[in-house]
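What follows draws every value from the coordinates through simple rules; no lab data is involved. Quick caveat: nothing in here was measured; it's all calculated off a predicted structure. Here the Cβ positions follow ideal geometry from the backbone for every residue, glycine too, while neighbour counts run over all protein chains shown.
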Amino acid sequence: MRLSGASGVELSDIQGLVQRGYKELPAAEYILLQVTDVPRARAWLSKLADRIEPATATGHDKADRASALHLALTYQGLQALGVSKELLDKFPLAFREGMATLHRERLLGDRGASSAANWRWGSAPCQPNADEEGLCETDPALHLMLLMYAKDGPTLSRIKKSVLDELDISGLHTITGLDTVFLAGPECDPTGSPNGPKEHFGFRDGIAQPHIAGMPSREDGHAIPGNIIPTGEILLGYANAYGEMPEGPTDANGQGFGRNGTFLVFRQLHQDVVGFWNYVARQAADKGYGPVELAAKMVGRWPDGTPLVESPTGPKSTLQTHDRFVYAGHHSHPDPFGLHCPIGSHIRRTNPRDSLNEDPQRSLELSNQHRIIRRGRSYGTPLVADMDPTKLMAASEDHAERGLHFICLNAAIDRQFEFVQNLWANNPKFGGLYDDPDPLIGVLDGERATFTVQKDPVRCTYADMPRFVQVRGGAYFFLPGITAIRTLGTMK
Amino acid sequence: MPDQSAFTALFPVKDENVKPLQALLNAVGQNITKEREVLMDKVEGLLPSTLRQPGGRCFLEFHKLTTVHFLRWVLLEPALDAEGKRIDASLAFATDYDGPLNAHIDELIETAGPALEAIFSFCDPAPATGALRSYLLEAQRSYEAFYRGHPGRSVQQIWGDSNNSEEELRKALGKGLDGSPQPATSEDAVARLRRAVGQSGWKSASTAGEPQKPSLGSRSLWLSVGAILLLFAILAPSWFLRCAVASVVALILLILLVGSWGTILNLLDRRDQTRERRVLDRQGPPPDPDGSEDPYVSDRSRRRLMIVTDLENRRGLIQNQMTHVVNVKPGKMRLRTLRIVLWAINFLGSRIFVQGKLGDIPTIHFARWILIDDNRRLLFFSNYDFSWESYLGDFIDLASDGLTGIWCNTTFFPQTRIPAWMIIPRALRLVLSTQSRTGNQSATRLFEQGARREQEFKKWTRDHQVPTQVWYSAYPLLSVVNVNNSTDIARGLFAPHSGAELGAWLRKL
Ligand code: HEM
């Protein structure tokens, strides 16, 4: 039986990753799999379904949870497991086509070193008219992804071993494992614990998230009114922002295979940490900002997480995980023009909140039609162990592979993830600017990229900004409801 | 100075010429270089042998066109109308241009005459030698509605390579600011900017083409209308009463008229829906010139969709195009409604929305609607900013009423129930809430469904898109917002500013 929350959201059928990012489980690894023997793989899935952590109500064993396991599938994976064409055709085009079509490469900015042809894993580049179906095959075909979380390294190894031992006899081939790292910062939380997680540039990550209507609110507070999005913005089978069922294999009432599932976008993003801090240090010299200040302007938060719009002059330890703010209509110091938090900063672009147009209330509604839930984790050894920005700036190039395994969840890949990456991050015209892509994740789309800091009496710009993040791999997955995983296991 | 206009011409194409023409147009469209020209060797093999020009290096030099904002060629393949009758193939040629039409056509012929002749030689009839001018003018079609996102600005003023364009000015000003040290006060900044311009040799382009201020927009206008009415009521109470009664009666009549009109449309709609399915079932897909089995009318194959999407954002993320063709629902009533709605949109577009926003959409450079094939189909051309996804999102979030009003008269549009008796009251409420700026606009809508059915509307739009084989933009790196912002910068440079105005002007840089 499915257990429903107060609002009818079936928490016990929804994978727990939708509800939480497992900060209490800092060890994690993702395993990419190919189905080689269908009947055996199905039997394995039937058993696995019982081990998947559900999003059951709050308070549930948070402290004593030692591990969590999740499963996602690509379109090819669903195909390989024998899902009927009728069901497959109901999935949205973005998921069916995958990340690496010519069209999507353009929108997402996957060019040059980042183009799908150069990826280490994921969708192979897809040629138009390649074949009747227009599908992109990879070799070896990427079908499934296991996401494993544990409270520490030894626990993770144990789980991994128990899972991998089964895999060989379960008709599954391991393509690769993607490991992750937990980066703690030099500062401390108000609680006294180390500040984190950080991403490799040295900024606290994993703070801002939308709240899904009908889901229990997050551990650290009540849902903020302007931050609640309809259930169907993330989960199939529930009404979305337009009052409609999201496209997918469900019927008009939201029942069916797709129910309680969501789409998981995975991008392996390499970070050029030395390049980033070199640029910042070089540019900061003569325009009145220190390097850390300029970097904070690019992100929109101070390294410890304090939002610039709240505290433009420096970090405040009480505001490190603060997410209860807007820009244009801020209660004490409204910032419609970006004087505190630049219009082009990463967090103001990827979620403009109330500052998308002149009408703050309407802006908030429109921004909320493009929200994503972020579940990514960093990978690779940090350039400097304690992530101190001044030390990062002084460190010399080690050419190590490090970055972010960016993961996000959404119900409509094209209206949410792709929109954010394309229209808000890559677009150099965002917010009326001229040549400014997102300073962290944007892509050059003209002759030059600049970063503009709005200030009195007139803005200053930083020219010749290179690209600091490159794509190393990626794919669109479906993160099904737990019942749907059982269905996959018993399909004939 | 004459304003921006739209030129559209349609030319019949015989079935056997569809494929070769398609190949030529694709080659032209794919091979526009960075220097904005198409080299001869890229297309030579596709030209009719009589029209090959040995030794010619360039087939088409777009960069020489000074009157053209946007230009496109689109091949409309054979199709079926709403009643299942065949529509022959045709070639559409469209430009958004500056100045008098004659001068524009002259320039086209002067700079691209041989290329035009080569392309139109696949049409039926082909242009006679030396008669290109009359050939183009005779094929011209008038539009039902035309919208401009930055009216009054010529190509030269927006972008021209000369020192006079507003983009050049903005860049020069930017350079002036970028040098250190940073200006300390607003007055400092302005003085420095004026000096920088003096040095760059920028000459103010004509100040003509000031966008008119929207007449409905000002609060003072409403206040004065109110004051006059009040005066009237005090001075001539009996006349005032009579007029008031008369307007109430007129309003009721209007509601009744529009209401019954809408009710009839709703009734027709049910019949149309079943008829559309029947036509589809009976006729199946129309003949496809390349002999493949693509279903044409609706639910295009993935391959066709990929062709359309692969043509998008081809020149970067900033500008994009759309060509959309759909059958008008049968019956005089539909056609008449469509004409009225488009007339209204055209009126609003040229009188009210002259500040760079159609409805609330700030990303459309030019758009036009044209009835073609004896009013059996509605053709839509648009030159817009950014991605299809964001454009459609804007349609749905910011302009669904207008678009539903237009396209609910065409086939397979997501079901729309017209709230017949409520249209006028809702329209009034809408106007009032826009004026007061405090009302929650999202709550007031003319139509509830139609384009508001987000996923269905997007799919419907994709289903009726047609590949735009050749598309040229004179300033592919500028958004509508950029163009309008740069004009404000140019206008404000030597204008006297009060303190707050000065701050606002400096923020535009
Ligand atoms: C290596 C690449 C990236 C880095 C280093 C990075 C870094 C950050 C940081 C430091 C924050 C602020 C902390 C927080 O609110 O959690 C943040 C927020 C955010 N990022 Fe990223 N990010 C990256 C990639 C992306 C991508 C690819 C997207 C989506 C397309 C994205 C979307 C967001 C969003 C939506 C927020 C929250 C904004 C808000 O609601 O205030 N990020 N990112």
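The distance linking the range B:135-200 with the range B:66-82 is 30 Å (Cα centroid to Cα centroid, whole angstrom). Working note: Karplus 6.51/-1.76/1.60 with θ = phi - 60° gives the range A:461-470 the couplings 10, 10, 8, 6, 7, x, 8, 9, 10, 10 Hz, where Gly and Pro are set to x.
Can you find, among A:249, B:418, A:339, the residue farthest towards the positive end of the dipole of the protein assembly as shown? Put +1 on the C-beta of Lys and Arg, -1 on that of Asp and Glu. Toward the positive end, the furthest listed residue is B:418. Remark: mean inter-chain Cβ contacts per residue of B:406-413 equal 0, using a 10 Å Cβ-Cβ cutoff to other protein chain atoms. Taking the centroid of alpha carbons for each part, the range B:12-31 and the range A:298-357 are 52 Å apart. Shown for A:318, A:390, A:313: other C-beta atoms within 10 Å of each C-beta, ranked fewest to most, produce the order A:313, A:318, A:390.
Please sort B:4-13, B:261-270 by packing, taking for each peptide the average over its residues of neighbouring beta carbons within 10 angstrom, highest first. Present the calculation step by step, with values, prior to reporting the outcome.
Numbers: B:4-13: 20.0, B:261-270: 15.4.
Output ranking for B:4-13, B:261-270: B:4-13, B:261-270.
Around the amide H of residue B:410, modelled in the peptide plane, lie the amide H atoms of B:329, all under 5 Å away and 5 or more residues distant in sequence or on another chain. Per-residue Cβ neighbour counts within 10 Å put A:25, A:164 in the sequence A:164, A:25, beginning with the fewest. The phi torsions of the range B:85-91, fed into the Karplus equation with coefficients 6.51, -1.76 and 1.60 and a -60° offset, translate into couplings of 8, 6, 10, 6, 5, 8, 10 Hz, rounded to whole numbers, with Gly and Pro shown as x.
Across the range A:280-329, the mean sequence separation of Cα contacts (distance under 8 Å, 6 or more residues apart), normalised by length, yields a relative contact order of 23 percent. If R0 is taken as 30 Å, the Cβ-Cβ distance between residue A:38 and residue A:179 corresponds to a FRET efficiency of 0.55.
Summarising the label geometry, the points placed 7 Å from Cα in the beta-carbon direction at residue A:397 and residue B:39 lie 3.4 nm from one another. Ordering A:99, A:465 by the number of other Cβ atoms within 10 Å of each residue's own Cβ, fewest first, gives A:465, A:99.
Karplus-derived 3J(HN,Hα) values for the range A:227-235, using 6.51 cos²θ - 1.76 cosθ + 1.60 with θ = phi - 60°, are 10, 9, 10, x, 3, x, 6, 10, 9 Hz; glycine and proline are entered as x.
Is the range A:284-426 best put as rounded, prolate or oblate by its Cα gyration tensor, with a ≥ b ≥ c the root eigenvalues, rounded for a/c under 1.5, and otherwise prolate when a/b is larger than b/c, oblate when not? Cα axes put the range A:284-426 in the oblate bin.
Quote the relative contact order of chain A in percent (integer), defining contacts as alpha-carbon pairs under 8 Å separated by 6+ residues.
Averaging sequence separation for qualifying contacts and normalising by length gives 22 percent for chain A.
Taking the longest Cα principal axis of chain A as reference, the axis of helix A:273-284 is set at about 20 degrees. Mind scanning B:85/B:332; A:198/A:429; A:287/A:455 and naming the pairs with a C-alpha gap bigger than 21 Å? Beyond 21 Å: A:198/A:429. Look at where the Cα atoms of the range B:227-243 and of the range B:107-123 average out, and the two centres are 64 Å apart.
Other protein chain C-beta atoms within 10 Å of residue C-beta, averaged over A:421-434: 5. Which of rounded, prolate or oblate describes the range A:155-201 when judged by the alpha-carbon gyration tensor and an a/c cut-off of 1.5? Prolate, because a/c is 1.5 or more and a/b exceeds b/c.
Can you flag which of A:492/B:458; A:161/A:492; A:90/A:297; A:297/B:171 are past 32 Å Cα-Cα? In this structure, A:492/B:458; A:90/A:297 lie more than 32 Å apart at Cα. Does the range B:46-122 come out rounded, prolate or oblate by the C-alpha gyration tensor, with a ≥ b ≥ c the root eigenvalues, rounded set by a/c under 1.5 and, if not, prolate when a/b is larger than b/c and oblate if not? It comes out oblate by the Cα gyration axes. When each of the peptides B:14-27, A:269-282, B:381-394, A:78-91 is scored by how many other beta carbons lie within 10 Å of its residues on average, the order from highest to lowest is B:381-394, A:269-282, B:14-27, A:78-91.
Inter-chain neighbour count for B:502-509: the average number of beta-carbon atoms from partner chains within 10 Å of each residue's beta-carbon is 4. Report note on the peptides A:469-478, A:453-462: ranked by the mean count of other C-beta atoms within 10 Å, highest first, their order is A:469-478, A:453-462.
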